[in-house]
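These notes concern the structure reproduced below.
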Amino acid sequence: MAKRIDVKDLDIYYGDFKAVEGVTMTVEPRSVTAFIGPSGCGKSTVLRTLNRMHEVIPGGRVEGSVMLDDQDLYASSMDPVAVRRTVGMVFQRPNPFPTMSIRDNVAAGLRLNGVKKKSVLDEVVEQSLRGANLWTEVKDRLDKPGAGLSGGQQQRLCIARAIAVNPQVLLMDEPCSALDPISTLAIEDLINDLKSEYTIVIVTHNMQQAARVSDQTAFFNLKATGEPGRLVEIGETQRIFSNPTEKATEDYISGRFG
């Protein structure tokens, strides 16, 4: 079941350095929200707080709240590993496990969760590869290494691996930046298909991509180098691109800076 994300008064730190300040926003279930903004403004940092990946970095900590429906992701009783099962992540560069087969790449998370029955694993592998629109391309070579696939196929394999553990949210950190235009289009089509089942948040430097794939766009910026990044505005993508409220958003989208 896709979940709603509510972020309130979020400050994000690396040690004593405040990287992002005062983020408050809502991401609705079964929608795509794009984070845009210049390099260094905190887009990926905010994304990583949504599944507690930020705290894996030494000195990484947050203040404020991140709620998944009515669950506080940063409550002391919350297991970070369970959070990352519920909130899956796909990274900028495709990162299939290089020594594993295509089948084992998809099944890796299930095995970590204690699933051993071959029939169950096989069913979920097929289901996940179909969900990632990759099944027909790889069904005859499931035991070949995942690293042998093309870049675009590897990224779809990573998406299959992420959805195999049945998350409610999918985070994507510039998932197309290392891909050619045809592979990029395949991932964008896939994002459009997946939003019927998942809440999706994507970081992208490509504003055309944000306009194509997202229902809602959040623009982040920072006033000066060394200052914390901030959420300038968030709203329906069509409005953000045609009639933004803030001048900084208009300047960024029109190419006057950033």
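Here are the numbers:
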{"read-out": "Prolate/oblate/rounded call for the range 114-185, Cα gyration tensor, a/c under 1.5 rounded", "value": "oblate"}
{"read-out": "Summed residue charge, Cβ within 14 Å of M207's Cβ, Lys/Arg positive, Asp/Glu negative", "value": "-1"}
{"read-out": "Count of lysine pairs in the chain with Cα separation under 25 Å (8 or more residues apart, or interchain)", "value": "21"}
{"read-out": "The range 71-202: C-alpha gyration tensor shape, a/c 1.5 cut-off, then a/b vs b/c", "value": "oblate"}
{"read-out": "The range 42-99 and the range 158-193: distance between their alpha carbon centers, rounded to Å", "value": "17"}
{"read-out": "Projected label distance in nm at K144 and T99, using a 7 Å step from Cα toward the beta-carbon", "value": "2.2"}
{"read-out": "Per DSSP, loop trypsin sites (Lys or Arg not before Pro) in the range 62-128 with at most 16 further Cβ within 10 Å", "value": "K116, K117"}
{"read-out": "Antiparallel DSSP beta bridges within the chain, as percent of all bridges there, nearest 5", "value": "55"}
{"read-out": "Cα-centre dipole for the range 34-122 with unit charges at Cβ (Lys and Arg positive, Asp and Glu negative), debye to 20", "value": "480"}
{"read-out": "Considering only the range 65-200, percent of DSSP beta bridges that pair antiparallel, nearest 5", "value": "35"}
{"read-out": "Nearest-0.05 FRET efficiency for I182 and Q71, computed from C-beta distance (R0 41 Å)", "value": "0.55"}
{"read-out": "Sequence ranges 147-157, 175-185, ranked by mean other-Cβ count within 10 angstrom, highest first", "value": "147-157, 175-185"}
{"read-out": "Global geometry of the range 153-225, whether rounded, prolate or oblate, following the gyration tensor of its Cα atoms and the 1.5 cut on a/c", "value": "prolate"}
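Quick note: the coordinates plus some simple rules give every number you see, no bench work behind them. Bear in mind the structure is a predicted one, so any value in this text is a computation, not a measurement. For neighbour counting, all protein chains shown are included, and Cβ atoms are generated from backbone atoms with ideal geometry for every residue, glycine included.
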